[in-house]
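First comes the structure, then the notes that go with it.
Read-outs throughout are calculated quantities, based only on the coordinates presented, and are distinct from any laboratory measurement. Being a predicted model, the structure only gives us computed values, none of them experimental. All Cβ positions, glycine included, derive from the backbone under ideal geometry; neighbour counts span all protein chains shown.
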Amino acid sequence: MVDVQRVLAADGSVVGAVPDMSDCRLRELLVHMLRVRCIDERMLKLQRSGRIGFVGSTLGLEAAMIGSAAALGPMDWMWSGLREGAAAVMRGLPLDEYVAQMFCNSNDTAKGRQMCNHFQHAGSHYPSWSSGIGTQLTHGVGAALAAHRRGLDEVHAIYCGDGASSSNGFHSGLNFAGVWKAPCVFVLVDNGWAISVSSRAQTAAESYAAKGRAYGVPGVEVDGNDVLAVHGVTAEAVETARGGGGPSLIVLKTYRMLGHSSSDDPTRYRDPEEVAAWAERDPIDRYETFLLDRGVLEAGGRERLAAATLAELDEVIRTQEAAAPMSTRTLVEDVYAEVPGHLRRQYNDFARIQESHGEARPGEGAFPL
Amino acid sequence: MATLTIVQAVNDALKSVMRDDPTVLVLGEDVGPKGGVFLATEGLTAEFGIERCFDTPLSEDGIIGTAIGMAMNGLKPVAEIQFQDFIFPAFDQIVSEAAKLRYRSGGQYTAPMVIRTPYGGGIRGGLYHSQSGEAYFCHTPGLKVVVPSTPHDAKGLLIASILDPDPVLFLEPKALYRSVKGEVPEDSYQVELSTLREVRAGDDVTVFCYGAMVPVAVKAADQAADKGIDCHLVDLRTLLPLDEEGVLEAARRTGRVVVVHEAPRFCGYGAEISALIAENVIEYMEAPIKRVTGFDTPFPNTLEHHYLPDERRVLDAIEQVHSY
C-alpha cells in the first residue's frame, strides 16, 4: 500500500514535519482557503436564486486547491480539471473576471460562450478548459515540452479528478510525460466521486498513485484536506520537475462535500454517514486550529477574514450583474482569426431579421462582405 | 524549378518552413530517423535534429493533444497521423479542443497547428488504409481542411497552412504521392487557402473535385472533349472554409454540375456543394446536379477499383447532365 502523506491530523494536531514557512505565509494559506469557501458560498447562493446558471462547488476541496496551487511559481501554468477556479483567483485571476464569467456577461473574457464555472486567465497562465474529461492532460504535457524546448523556466501543473484517471487523456498524458521527462506535475484530486460513481469504482489498481509507476512517473498519496501536506508534497514535485527530474503524480485524497454541480442531488447515491465523517475532517477547521495553537491566528480572525472577503465579493457581484450581455456579433467571431465569408453571410442574414424586429443593438449590424 | 512528386513537395515544404522558423517542429509515429512510412519527413531529423522532428509513442490522441499544448505555448507543431483512418482516437482532441479553443477562450488561447495525414484509396489498403474522412472534419467550425492535388499546391498550401493562425487538417492524397510530378519553385511560397483552382475552363459542364479525384476528372474531361463536351474543371483545394463565391460562379457558368469525391455519398462533401448551388443559383441550373462518389459502404479491398470513381463513371455523369 502507498503511505498517505500527512502533516496535520483531522483535529489540527501536528503529526508530520511542518514545512519551513514564515508565519505570514502560513496565515496566507488560510486567507486563500477562506476566499475559496466564501466565493463558493456566494456562487451557490446566486445559483439558488436563479441569478447564475451553474456552480461546480469546491466545498471541502479548499486545502487541495490552495495547498497545491500555492506551491507553483508565478510563471508556472495551472491546467484545470474543473474546480480550480478559486485557486486561480489566488494566482491572479481577477475576482471581477471570475464573477463576470459566472454571469457570462460582456466582461467575461470567454465572451459568454462557455457555460458558467469555466474560467481562464492568460495573464497568470491558467488556460481555457473544455467540459470534456481528461483532454487537458496531454495539452499540459505538450505545453511543458514546449517550455523546455523554448528554454522557459515553467512547470506545468496538470489537474484532473479521480474519474479522469479512466480517460484516454490520462493514459496518453502520463505516458508521453514519462517518455519525454516533461517538466510537469499531475495533480489528481480524488474527491471520492465522479458525479455519482464512487472513486472506488474507477479502478482495480491498489491506489491511484500506483498507476504512475507503470508510466515511470513516481506517484504519491497525500491527505488532500491537509493544506500543509499538500503544499509540501507539491512544492517538492514542482522543484523536481523544474530541475529536470521529470514528472510526478500527486494524488490528493479529499471529498466533494456537495453534488457534482448545482444541478446534481448527491443524496440519491451516497451515504449521509460518509458525508458526515468527511465533515469531521474539514480542511479549514483543521488548519484554523493549527494556526490558533501556533499563535499565528487570533481568536475571531477567521470570521473577520471571511466577512472582508464577502463584502469585497458582494461589491463585485453588484457591478457584474449589471453588465450588458455579449454582442450578437460574437456568434461568429473567434471561430477563425478572421471571420470568413460564409460566417459573415450567415450572420448578416440573422442581423437582418434582428433589425426587422427592432432587436439589433449598436455594433450588431451586418459585416462587410 | 525542380520536378517533384507530391510527397517530395510535402517534404520540401516542411524543410523550407523549418529553415525559416525555429518554432516549427514535426512529430508523429515513425516520422523521425525513418522519415515516415511514405518518406514525407525523410531527412528532417538529420537536418534539424531529434528535438525538431521526433517519434512519439503510438497514440494519435497523445500526438494531437500534446501538439495542441505545444501550439498553446509558442511552438508551431506539424503532427503527422500515419493514415487518416487512424485519426479517430484523436477526433475528440481535434474537434472538441483544437477547433474550439479560439472560440471558447474568446481569442485568449489558440492552437495554430497542422495535422498532416495521407487519405484515400488506390493502394490496396483495405478498410483501414484507404478512407476519405473529410466530411467529418468539414462539419467542424474552427478547423480548416485542405487537400492538394499537385506538387505545386502541396508545397504552397502546406506552407500557407503552417503559417496560418488556425488549426489545419492537411489531407494528402496518398494515391498521388508518387504518381503525379510537377514543377515546384525552390523558394518558399504560399498558395492562399480558401481559393479554388480552375484546372481547365469550359462552357458545357462544371466538374468539382479535389485530391486524388482531380486526375480522374481530368481524364474524364479529356474523353468528354472527344465527344464534343467542353468541361469546366475546378479543384476545390480548400474544403473549409470553402471559396463559396468561386463555386457559385463556376456553377453559373455552365448551369450543369457534377461533383466527384471518393468518400461515401450520404452526407458527403458533394451534398454541401449541391446544396450551396441549389440554395443560391438554382435558377441557372439546366440539369439536376450529379454526384459521383464512393459507395455508401466501408472501403473494400480487392474491389477498390470499382469502389473508387473512375473516368468511366465521371464521364457517364458528365454525359447525363449534358444531355438532360
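Could you sort the peptides B:293-301, A:18-26, B:13-21 by per-residue average Cβ neighbour count (10 Å cutoff), highest mean leading?
B:13-21, B:293-301, A:18-26
About the Cα centre of the protein assembly as shown, how large is the charge dipole given +1 on each Lys and Arg Cβ and -1 on each Asp and Glu Cβ? Please answer in debye to the nearest 20.
Numbers: 63 positive and 92 negative charges, 37 e Å.
Roughly 180 debye for the protein assembly as shown.
If amide hydrogens are placed 1.01 Å from N in the peptide plane, which non-local residues have theirs closer than 5 Å to the one on residue B:145?
The answer is B:169, B:239, B:240.
I need the Debye-formula profile for the stretch A:229-273: one equal scatterer per C-alpha, no solvent, reported as log10 I(q)/I(0) at q = 0.23, 0.24 1/Å, two decimals.
At q = 0.23, 0.24 Å⁻¹ the computed log10 ratios are -0.78, -0.82.
Which value, in debye to the nearest 20, describes the size of the charge dipole of chain A about its Cα centre when Lys and Arg Cβ atoms bear +1, Asp and Glu Cβ atoms bear -1, and nothing else is charged?
Once rounded to the nearest 20, the dipole reads 900 debye.
Can you tell me which aspartates and glutamates have their Cα less than 17 Å from the Cα of residue B:155? Leave out same-chain residues fewer than eight positions away.
In chain and number order, the partners are B:12, B:20, B:21, B:42, B:80, B:164, B:172, B:183, B:186, B:187, B:192, B:235.
Taking Rh as the Kirkwood radius computed over C-alpha pairs, what is the Stokes-Einstein D of the stretch B:197-323 at 20 °C in a medium of viscosity 1.002 mPa s, expressed in µm² per second?
It comes out at roughly 150 µm²/s.
Return the calculated 222 nm mean residue ellipticity for chain B, to the nearest 500 deg cm²/dmol, obtained by summing -39500 (n - 2.57) across DSSP H runs with n ≥ 4 and dividing by the residue count.
-10000 deg cm²/dmol
Which value, in Å to one decimal place, does the Kirkwood hydrodynamic radius take for the stretch A:318-369 when every pair of different Cα atoms is included?
Evaluated on the stretch A:318-369, it is 12.0 Å.
Near the amide H of residue A:194, under 5 Å away, which other amide H atoms are found, from residues 5 or more places off or on another chain, if H is placed in the peptide plane?
A:199
Could you pull the Cα extents of chain B along its three principal axes, largest to smallest, in whole Å?
59, 42, 38
Restricting things to Cα coordinates, could you compute the convex hull volume per residue of the stretch A:240-369 in Å³?
Working: hull volume 38.2 nm³, N = 130.
Residue-normalised Cα hull volume stands at 294 Å³.
Provide Rg and Dmax in Å for chain A, with only Cα atoms included in the calculation.
21.8, 71
Does the protein assembly as shown come out rounded, prolate or oblate, given a ≥ b ≥ c as the square roots of the eigenvalues of its C-alpha gyration tensor, rounded meaning a/c under 1.5 and, failing that, prolate meaning a/b above b/c?
Since a/c reaches 1.5 and a/b is larger than b/c, the shape of the protein assembly as shown is classed as prolate.
Output the relative contact order of chain B, whole-number percent, from Cα pairs under 8 angstrom with separation of 6+ residues.
Rounded, it is 17 percent for chain B.
Work from the charge dipole of the protein assembly as shown (Cβ charges, +1 for Lys and Arg, -1 for Asp and Glu, about the Cα centre) and give the residue of A:204, B:170, A:328 farthest towards its positive end.
Comparing the listed Cα positions along the dipole, A:204 ranks first.
Post the alpha-carbon centroid distance, the stretch B:1-41 to the stretch A:181-217, in whole angstrom.
38 Å
Using only the Cα atoms of the stretch B:2-184, construct the convex hull and provide its projected area averaged over every direction, in square nanometres to one decimal. Please list the in-between numbers first.
Details: hull surface 37.5 nm².
Here the figure is 9.4 nm², rounded to one decimal.
Would you mind calculating the relative contact order of chain A from Cα pairs under 8 angstrom and at least 6 residues apart, reporting the percent as a whole number?
The normalised contact order for chain A reaches 23 percent.
When the C-alpha atoms of the stretch B:250-324 are aligned to their principal axes, what extent does each axis show, in angstrom, from largest down?
Projected onto the principal axes, the Cα atoms of the stretch B:250-324 cover 42, 24, 16 Å.
Could you tally the net charge around residue A:136, taking each other residue with its Cβ under 14 Å from the Cβ of residue A:136, Lys/Arg +1 and Asp/Glu -1?
With Lys, Arg at +1 and Asp, Glu at -1, the net is -1.
For residue B:174, what charge total do you get from the other residues with a beta carbon under 13 Å from its beta carbon, if Lys and Arg give +1 and Asp and Glu give -1?
Local net charge: -2.
Restricting the calculation to Cα positions, tell me the Rg (one decimal) and the Dmax (whole number) of the stretch B:262-305 in Å.
Gyration radius and largest Cα-Cα distance of the stretch B:262-305: 13.4, 43 Å.
Ordered by packing density, taken as the mean number of other Cβ atoms within 10 Å over each peptide's residues, highest first, how do A:108-117, B:46-55 rank?
A:108-117, B:46-55
Just to be sure I understand the model, the point goes 7 Å from the Cα along the line to the Cβ. What's the resulting residue B:248 to residue A:197 distance in nm?
Label-label distance for residue B:248 and residue A:197, simple model: 4.8 nm.
State, to one decimal in nm, how far the label point of residue B:195 lies from the label point of residue B:128, with both points 7 Å from Cα in the Cβ direction.
4.1 nm
For peptide B:107-116, compute the average count of partner chain beta-carbon atoms within 10 Å of each residue's beta-carbon.
Going residue by residue through B:107-116 and averaging, the value is 3.
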